[in-house]
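All remarks here apply to the structure that follows.
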Amino acid sequence: MLPKIDHLIFAAPTLESGMDAIENLLGIRPVVGGQHKGRGTHNALLTFGDIYFEVIAPDPAQPDVPKPLWMKTDQATQPKLWTWATVNPDLFELEKVANQNQISLGEIESGTRIQTNGNILKWQLTEPILENENGIMPFFLNWGETIHPSKTLPQAGEILSFKAIHPNPELIQNQLDKLGVNLLVEKGNDPHLEATIRTLKGDIIQLA
């Protein structure tokens with residue numbers, strides 16, 4: 001059973017290289033999304049049903065944003081499944097739970113992005129923290145009245161499974177459980193995320 005995934009984030013040194021990597025894997029090219037103004041990044045997007053997929057990279061049009069950039073995406077030396085987001089309708093209650101259990105959670109902030117068609121997306125999120133177990137610990141979103149981005153994006157297939165690998169899976173699993181996240185965490189030396197995807201052509205691929 002999949003956890004409640006809002007979106008997966010795939011970081012790359014450049015947006016073009018990230019889009020190329022995904023097109024080679026999935027057979028469909030992500031569409032340019034827009035800039036994260038003031039954060040130094042921009043993105044391109046696809047969707048898997050109601051889960052959207054974001055390729056993110058440093059934005060050369062924002063050279064003056066201090067580093068590290070948002071979610072440390074400037075540290076991606078090659079295209080890689082970077083982190084993920086889930087949803088929660090009450091981020092302030094979630095913040096209380098995290099504090100009670102001494103779990104690091106980013107500050108609650110509001111965000112916006114102007115789409116290429118001029119529409120404005122608005123959301124509330126727990127700011128992705130810089131140290132998040134190699135992207136395994138998600139950040140949380142509440143879209144409010146905004147139409148979810150997945151509704152207007154090209155379909156890329158289906159996510160069959162999604163899990164994390166970590167050297168101390170019991171610790172991570174315990175933290176996730178307390179936050180109401182049902183992500184499977186397996187033991188392994190190199191902490192990372194793995195997604196198994198069925199492409200539109202029916203091929204099964206692994207994304208990590």
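The values are calculated or read from the model by the stated rules, or taken from the named source; none is laboratory data. As the structure is a prediction and not an experimental result, all values here were calculated from the model. All Cβ positions, glycine included, derive from the backbone under ideal geometry; neighbour counts span all protein chains shown.
Residues in segment 186-208 that are over 17 Å from the mean Cα position of the chain (by Cα) and not charged (D, E, K, R): GLY188, ASN189, THR199, LEU200, GLY202, ILE204, ILE205. Looking only at residues in segment 78-117 that are of a type in the set (Gly, Ala, Ser) and under 16 Å from the mean Cα position of the chain (by Cα), the one that is farthest from PRO191 (Cα to Cα) is GLY111. GLY111 falls short on exactly one of the conditions (1) within 28 Å of LEU153 (Cα to Cα); (2) modelled with pLDDT of 90 or more, and that condition is (2). Going by what's in this entry, would THR83 be described as under 23 Å from VAL31 (Cα atoms), in a strand (DSSP E or B) and in contact (Cβ under 8 Å) with a residue 24 or more places away in the chain? Criteria met by THR83. Those strands (runs of 3 or more DSSP E) of segment 92-208 in which 3 or more residues are on the phi < 0 side of the Ramachandran plot, buried (at least 18 other Cβ atoms within 10 Å of the Cβ) and in contact (Cβ under 8 Å) with a residue 40 or more places away in the chain occupy 139-142, 192-199. Scanning segment 189-208 for residues that are farther than 20 Å from PRO138 by Cβ and of a type in the set (A, V, I, L, M, F, W, C) turns up LEU200, ILE204, ILE205. Does ASN168 fit the bill of being closer than 18 Å to LEU105 by Cβ and not hydroxyl-bearing (Ser, Thr, Tyr)? Against the criterion (closer than 18 Å to LEU105 by Cβ and not hydroxyl-bearing (Ser, Thr, Tyr)), ASN168 does not qualify.
From the list THR73, THR14, THR47, which one is modelled with pLDDT under 95 and either crowded, with 21+ Cβ neighbours inside 10 Å or not hydrophobic (A, V, I, L, M, F, W, C) (or both)? Criteria check complete, one pass: THR73.
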